[in-house]
1. Using a simple spin-label model with points 7 Å from Cα along the Cα→Cβ vector, what separation in nm is obtained for residue 104 and residue 84?
2. For residue 179, what charge total do you get from the other residues with a beta carbon under 13 Å from its beta carbon, if Lys and Arg give +1 and Asp and Glu give -1?
3. If R0 is 51 Å, what FRET efficiency do you get for residue 123 and residue 220 from their C-beta distance, rounded to 0.05?
4. Indicate the gyration tensor shape class of region 49-197 (rounded, prolate or oblate), computed on the Cα atoms with a ≥ b ≥ c the square roots of the eigenvalues: a/c under 1.5 is rounded; otherwise a/b larger than b/c is prolate and the rest oblate.
5. Quick check: residue separation of residue 289 and residue 272 times 0.36 nm, minus the Cα distance between them. What number comes out in nm?
6. Which trypsin sites (Lys or Arg not before Pro) in region 51-127 sit in a loop by DSSP (not H, G, I, E or B) and have at most 16 other Cβ atoms within 10 Å of their own Cβ?
7. Between residue 143 and residue 177, how many nm apart are label points set 7 Å from Cα along the C-beta direction?
8. Region 204-306: Rg/Rh from Cα coordinates, Kirkwood Rh?
Amino acid sequence: MNRRDCLASGLALLAAAKPAWASEPLPDDEASDEPPSKEPFSLFVATPERAVIRMLELARVTSNDLVLDLGSGDGRIPIVAARRYGARGRGVDINPRLVEQSVAEARRQDVAGRVRFETGDVMDTDVSAATVVTMYLFPALIARLKPKLWSQLKPGARIVVYDYSMTEWPAEEALTLYVPERYLGRGGDVTARLWVRPADFSGRWFGMMEAGSGLPLELSIDQRYQRIQGTGRMGGANVDLYNAHVQGPTIEFLVEDAARTRYEIVARLEGNSMRGEARIQGGTENSTAAWMARRVASGLPIDRPV
């Protein structure tokens, strides 16, 4: 995430953004203004550690996570994730000098057993084991990486992008922070954005209370990324889905039957089934029952373009 694809004019950025904790600056021959052979390419731009912490907070990193930084530069994001949160870390960078520096810094900060760094192209990196992916890359490279992230990450994996965004896929959350180092030290705001890989709940479903109580619920769900809308039938009457949302492998929605009984359903996707519970509110009586549904027809791809 300390790497951004850029044009030759990016030299000014590089000169202005030496990493605060780098053991030494890049030599002149590594700061060439000649573009590499592969496009889009990247140059190292350090992310302030306080911004790193806010990004990891945005991703809600814990000791159970594997944090993968694509374009890891001097290694500070995996190192901070390991040192501060006890997470495992992995960094990939195309510059072997920065990878060596990252390995040395991990040893110095006593987290070498929890992080690893490798020299490589982010486009060739297997991201499937990561639960958190961080990036500081220009939009052209983010756009090229998005299909890989979408196809390889498991539902519930989080992606945090510093300073840029992903087209079409709406972010779950965003935070803006003031960075004094920005704009050649004049300071300025930077936005970090969070995405959570959603599971695919699209299609037609048949659901019911597992104990046999309550009315069967037929659902038709249209999903695009994490945003959903849908309709259903319950007790022979049409119903709408309210407050519907997908986050990772979990779906939440509310339906109300003809008797004005409300069913707040929270379920988790398991292949072509979803299982969870329904919180039932009817009159003065409230109850909770196990709920399940099976998919009887698939929907459109949820990452389809507009």
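Read the figures in this text as sums done on the coordinates, not as results from a lab. Bear in mind the structure is a predicted one, so any value in this text is a computation, not a measurement. With ideal geometry, Cβ positions are generated from the backbone for all residues, glycine too; neighbour counts draw on all protein chains shown.
1. 2.4
2. Working: positive: 50, 54, 182, 186; negative: 49, 163, 181, 189.
Here the count lands on 0.
3. Numbers: r = 38 Å, r/R0 = 0.74.
Result of the calculation: an efficiency of 0.85.
4. Numbers: a/c = 1.34, a/b = 1.10, b/c = 1.22.
In terms of gyration-tensor shape, rounded.
5. Working: separation 17, 0.36 × 17 = 6.12 nm, distance 2.06 nm.
Additional length available on full extension: 4.1 nm.
6. Details: sites: 54, 60, 76, 83, 84, 88, 90, 97, 107, 108, 114, 116; in loops: 60, 114.
Within region 51-127, the qualifying trypsin sites (Lys or Arg not before Pro) (loop, at most 16 other Cβ atoms within 10 Å) are 60.
7. Result: 2.9 nm between the two label points.
8. Details: Rg = 13.2 Å, Rh = 13.9 Å.
Taking Rg over the Kirkwood Rh, I get 0.96.
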